[in-house]
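In what follows, a single structure is set out as C-alpha cells and then discussed.
The values are calculated or read from the model by the stated rules, or taken from the named source; none is laboratory data. What you see is a predicted model; the values in this text were computed from it and never measured. All Cβ positions, glycine included, derive from the backbone under ideal geometry; neighbour counts span all protein chains shown. Heads up: the accessible areas ignore ligands, DNA and RNA and are worked out on the full protein's heavy atoms, side chains in. Shrake-Rupley method; radii C 1.70, N 1.55, O 1.52, S 1.80 Å.
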Amino acid sequence: MFDFNEHTHKRLNLLTGEWILVSPHRTKRPWNGKTEDAAADKMPEYDPNCYLCPGNTRAGGVVNPKYEDTFLFVNDYSALIPGIPKGDINEENLLIARSEEGICKVICFSPRHDLTLARMSPEKIVRVIDLWIEQYKELGGDPNINYVQIFENRGAIMGCSNPHPHGQIWSSQTVPDLPAKETEKQTEYKEKNGRCLLCDYLALELKKKERIVLENDGFAVLVPFWAVWPYEIMILPKRHMGSIDEMTEKEKKDLAEIMKAAGIRYDNLFKTNFPYSMGIHQKPTDGKNHDEWHFHFHYLPPLLRSATVKKFMVGYELLAMPQRDITAEQAAAKLREQPPVHYLES
Ligand code: H2U
Ligand code: ZN
C-alpha cells in the first residue's frame with residue numbers, strides 16, 4: 001500500500017506545473033558534509049560602518065537621512081534601469097535577446113541595525129506593508145512597468161550583504177518567468193473550474209490542517225504540499241485578493257502579526273537568525289484585470305537540520321528535478337511546535 005509518509009513519490013506544484021521528488025526514508029542519512037558558520041546574533045543598535053543605518057554614507061557618497069521608521073531609496077547598483085535604448089535581437093531564431101528596463105529600490109524596515117521583522121512590533125511592520133503598497137501602486141502605475149517584485153534576502157548564506165533589516169523592490173517592463181508561470185496556472189484553473197486556484201487550495205489545507213502552521217482572521221501560514229526547501233512556507237490571505245493594495249486596515253494588521261509570528265517560529269527552530277529569501281507574488285501591473293490572481297508570500301529558507309547545515313540544490317536537482325527528504329507535513333509539525341516567544345526575548 002502506497003504511503004506518502006514512507007514511500008518515494010512526486011508532488012505537483014500547482015503554481016508552476018513543476019514536479020518535486022520526495023524521499024521520506026532518506027531523513028536517516030548521516031551527515032559528514034559542509035556546515036555553515038552560525039551567524040553572530042548579538043549586534044549593535046547602530047553600526048557606524050553600515051551603509052543602511054541612519055545618517056551614514058552610502059556608496060557613491062549619498063548620506064542617509066536620520067529616518068525613524070522606514071527609508072526608501074533607488075538602488076545605487078540597480079540591475080534594471082529606466083529609459084535605456086529599446087532593442088530586439090533575433091539571429092535565425094537561434095540567438096534571441098531583447099532590451100529590458102525597470103526600476104530597483106531598497107527599503108530599510110527599521111533604523112535599528114539589530115532588529116529583524118520577527119523582532120519588530122506589528123505596528124512597525126504595518127509601516128513596511130504600507131510602503132510596499134505605496135510602491136506597488138507607484139511603480140505599477142508607470143506604463144513602462146508591468147511587474148513589481150517585492151522581496152527580502154536575509155542572511156549571509158543567502159548572499160545578503162548586510163544584516164541591517166531591509167528588503168528590495170525590482171520592477172520590470174516584462175513579467176519575469178516565475179510570476180508569469182503562476183499567472184498561466186491560475187488562469188488555466190480559473191478557466192477550467194470557474195474558481196480561484198489558491199482559494200480552493202487554501203480551503204482544502206484549512207480543512208486538512210496537516211500543513212497549516214499558523215492562522216488568524218485574515219491569513220494562513222502553511223508549508224505548501226509541493227514545498228522544495230525544507231522549511232519553505234507560504235502566507236496566503238483568506239479573502240480573494242489579487243494584490244496587496246486591496247487589504248483593509250484590519251487585514252494589514254493581521255498580516256503584520258502573522259509575519260512576525262512566522263518569523264519567530266523560524267528563528268526559534270534552530271535558535272538562529274533564520275536566513276531566507278522571501279517575496280510577494282501578486283498580479284502584474286500590465287493594466288489587465290487578472291481576476292485569477294490570489295496574492296501570496298513565499299519564504300524560501302536554505303537551512304535543513306541546524307543553524308549550520310543547509311540544503312544544497314546540486315546534482316540531480318540541478319540536472320533533473322528538485323528533491324527533498326523531510327516531508328512538508330513533518331516540516332509543518334516542527335514549525336507548529338516552536339514556542340511563540342522569540343528565543344532572544346524569552
Ligand atoms: P542584499 O540585501 O541582497 O545584500 O542587497 C542590498 C542592496 O543594496 C544591493 O542590491 C544595494 C545593493 O545594490 N546597495 C546600495 O544601493 N547602496 C549601497 O551603498 C550599498 C548597497
Ligand atoms: Zn545598519
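On average, how much area does the Cα convex hull of segment 9-336 cover when viewed from any direction, in nm²?
18.8 nm²
Starting from segment 266-346, pick out the GluC sites (Glu not before Pro) whose DSSP state is loop and whose Cβ has at most 11 other Cβ atoms within 10 Å.
For GluC sites (Glu not before Pro) across segment 266-346 that sit outside H, G, I, E and B with at most 11 neighbouring Cβ atoms in 10 Å, the list reads 337, 345.
Run lengths n ≥ 4 of DSSP H only: what is the helix-derived mean residue ellipticity at 222 nm for the chain, with -39500 (n - 2.57) per run over all residues, to the nearest 500?
-7500 deg cm²/dmol
Of the listed pairs 190/311; 283/334; 181/271; 137/207; 10/311, which have alpha-carbon separations greater than 30 Å here?
Check vs 30 Å cut-off fails for 190/311; 283/334; 181/271; 137/207.
With every protein chain kept in place and ligands, DNA and RNA left out, what is the accessible area per residue of the chain? Probe 1.4 Å, answer in Å².
That works out to 48 Å² per residue.
For residue 213, list long-range residues whose amide hydrogen, built 1.01 Å from N in the peptide plane, is under 5 Å from its own amide hydrogen.
Those lying under 5 Å, H to H, from residue 213 are 221, 222, 223.
For residue 96 and residue 342, calculate 0.36 nm times their separation in residues minus their Cα-Cα distance, and state this gained length in nm to one decimal.
Here the segment from residue 96 to residue 342 would lengthen by 83.6 nm.
Which value, in Å² and to the nearest 10, is the accessible area of residue 206 when all protein chains are kept and the probe is 1.4 Å?
Result for residue 206: roughly 40 Å² accessible.
Placing +1 on the Cβ of each Lys and Arg and -1 on the Cβ of each Asp and Glu in the chain, which of 125, 297, 21 has its Cα farthest towards the positive end of the resulting dipole?
Working it through, the farthest residue towards the positive pole turns out to be 21.
Mind checking the dipole of segment 9-336: about its Cα centre, +1 per Lys or Arg Cβ, -1 per Asp or Glu Cβ, Debye to the nearest 20?
1460 debye
Mind listing the lone cysteines of the chain, meaning no other Cys beta-carbon sits under 4.7 Å from theirs?
104, 108, 160
Could you pull out the longest piece of the chain with no exposed loop chymotrypsin sites (Phe, Trp or Tyr not before Pro) in it, calling a site exposed if DSSP puts it outside H, G, I, E, B and it has at most 12 other Cβ atoms within 10 Å?
Within the chain, the longest run free of exposed chymotrypsin sites (Phe, Trp or Tyr not before Pro) spans 78-311.
Please check which bits of segment 220-234 a label hung off residue 26 would reach, taking the label as a point 7 Å along Cα-to-C-beta and the cut-off as backbone N under 17 Å.
226-232
Given a 1.4 angstrom probe, I'd like the percentage of the accessible area of segment 9-336 that is carbon and sulfur, rounded to a whole number.
55 percent
Enumerate by residue number the trypsin sites (Lys or Arg not before Pro) in segment 252-346 meeting two conditions: DSSP loop (anything except H, G, I, E, B), and at most 14 other Cβ atoms within 10 Å of the site's Cβ.
For trypsin sites (Lys or Arg not before Pro) across segment 252-346 that sit outside H, G, I, E and B with at most 14 neighbouring Cβ atoms in 10 Å, the list reads 271, 288.
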